[in-house]
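Okay, so here's the structure we're looking at.
Derivation of every value follows stated rules applied to the coordinates shown; laboratory data play no part. This is a predicted model, so every value here is computed, not measured. Neighbour counts run over all protein chains shown; Cβ positions are idealised from the backbone, glycine included.
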Amino acid sequence: MARSKPSDSPAPTGKAGRAPGSGSRGRGSGSTAAPAAPAGKPGKAPKLGKDGRPKVGRMTKLRNNARMMKQAYSLTRKNDPKLPWLMLIAFVVVAGVVELIGILLSAPIFTIAFAVLLGLLAAVIVFGRRAQGSAYRQVEGQPGAAAWVLEGMRGDWRVTSGVAGTTQLDAVHRVLGRPGVILVAEGAPSRVRPLLAQEKKKLARIVGDTPIYDITVGDDEGQVPLKKLNTHVVKLPRNLSAAEVNALARRMSALGGPKMPVPGGPLPGGRQMSVSQRQVRRR
């Protein structure tokens, strides 16, 4: 006589009757369920950098730098067709000289890696110089070129573009750094000279004995060429400490921001081009 199958009965309550989904092993199921995540537990907060923004991973930084270098290379090559050949020549010459030294020292195999690395370094240096020269040639003579150079300087430089100007797009930019306060004018000398005098008089009432330098960008006598502006500003003597620069910046905040709009991207092709060329120049 065949036995009848028992009918399903409701699971008992309590610890002994927990369902498999509740975290205990069910009889006959042969599997265990993953424990549920605790409710209400906050997610892990991202690490913040010194500027208060989330830190970017090392691989992300490398990818961003590689993308910017590739973009800068493409843009520079359009304006400088000789760039690939010059980079190749630099690589071959430097790597060949290093390998020749290795041959003379009877160790050519050991110097191959150094030859390749130094050759690549020489090619990158040539690329950076040609990219910088191409960028300066494109922006020279355009409104906002001096501001573009100043904003790309490396180091702790507080740049305020367009603190004074004229309707002909002549402009005066203010830079605060370790040398003191630097006023940089671009445009016709006859029009920017009164603007510089006015800004120096205004600043003298706030900065006191802090040195105030004035620079006019141009190719005439007594002016600083655009391609030498960065070097000229960086070589100014350091008269202030970092704490004095911060204190002076707080006092100068009463002067407010720029009084006139300055073209943000003097390079043809838009903002992407200026950012890429600037990154190469900073290296």
Proxy reagent accessibility, fewest Cβ within 10 Å first, across 62, 176: 62, 176
Placed amide H near residue 215: partners under 5 Å, 5+ positions off or other chain: 183, 184, 185
Listed residue (90, 60, 103) projecting farthest to the positive dipole end of segment 59-139, Cβ model: 60
Exposure proxy ranking, count of Cβ atoms within 10 Å, fewest first, for 219, 170: 219, 170
Extension gain (nm, one decimal) between residue 113 and residue 232, 0.36 nm per residue minus Cα-Cα: 39.0 nm
Which of 85, 148, 157 has the fewest Cβ neighbours within 10 Å, and the rest in rising order: 85, 157, 148
Local electrostatic count, residue 245, Cβ distance below 15 Å [Lys/Arg +1, Asp/Glu -1]: +3
Dipole magnitude of segment 129-237, debye to nearest 20 (Cβ charges: Lys/Arg +1, Asp/Glu -1, about Cα centre): 280 debye
Segment 102-115 - phi-based ³J(HN,Hα) in whole Hz, Karplus 6.51/-1.76/1.60, Gly and Pro as x: x, 5, 5, 8, 6, 9, x, 5, 6, 9, 4, 4, 5, 5
